[in-house]
Each structure stands twice: as C-alpha cells, then as structure tokens.
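Below is one structure, written out as structure tokens, with a few remarks after it.
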Amino acid sequence: MHFLCDEVGIDYSKFIDSLAANKKEMEMAQEFGVSAETIRGLREHFYKVEAITGNYGQD
C-alpha cells in the first residue's frame, strides 16, 4: 500500500488518516491533488487486499 500511495504522490499516513476520518472521495481527491477515481482505487485496494494480508505480527 505504501508503494501505491508513493506512485501517485500521496503520503501514506495522511491517506490512512483520511480513511479513518471517513472522508468522501472527492474531498480526498482535492486534498491530495489526484482524481476521485485514483482515491477510489486506493480505497478499494486498502479494504480488499490490506484487510486480508495486513494482519502483521499476529500469532
């Protein structure tokens, strides 16, 4: 996920904070200077892929 955010010029931590704040796609797109479609793709990737593989350090 870090790599994908870096590719489009979005700070990963700020992106995660925006998701946590439940911001709308258009609001995030304006904030980060990218299209709403880009935000939608990142959001979908985060919830579909990171939610499955992102459980680091669990026994």
Q. Taking the range 5-14 only, how many residues are in a loop (DSSP other than H, G, I, E, B) and acidic (Asp, Glu)?
A. 1
(Q) Contact list please: Cβ distance under 6 Å, first residue in the range 1-12 and closer than 15 Å to residue 40 by Cβ, second residue surrounded by 15 or more Cβ atoms within 10 Å (Cβ to Cβ) and β-branched (Val, Ile, Thr), pairs at least six apart or on different chains. (A) 8/34; 8/38
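Let's see how each residue does on (1) in contact with a His (Cβ under 9 Å, 6 or more places away or on another chain); (2) assigned to a helix (DSSP H, G or I); (3) at pLDDT below 95; (4) surrounded by 13 or more Cβ atoms within 10 Å (Cβ to Cβ):
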site	(1), (2), (3), (4)
3	no, yes, yes, no
16	no, yes, yes, yes
23	no, no, no, yes
34	no, no, no, yes
37	no, yes, no, no
44	no, yes, yes, no
48	no, yes, yes, no
51	no, yes, yes, no
57	no, no, yes, no
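The values are calculated or read from the model by the stated rules, or taken from the named source; none is laboratory data. Every value quoted in this text rests on a predicted model; they were computed, and no experiment measured them. Cβ coordinates were reconstructed from backbone atoms using ideal geometry, including for glycine residues, and neighbour counts include every protein chain displayed.
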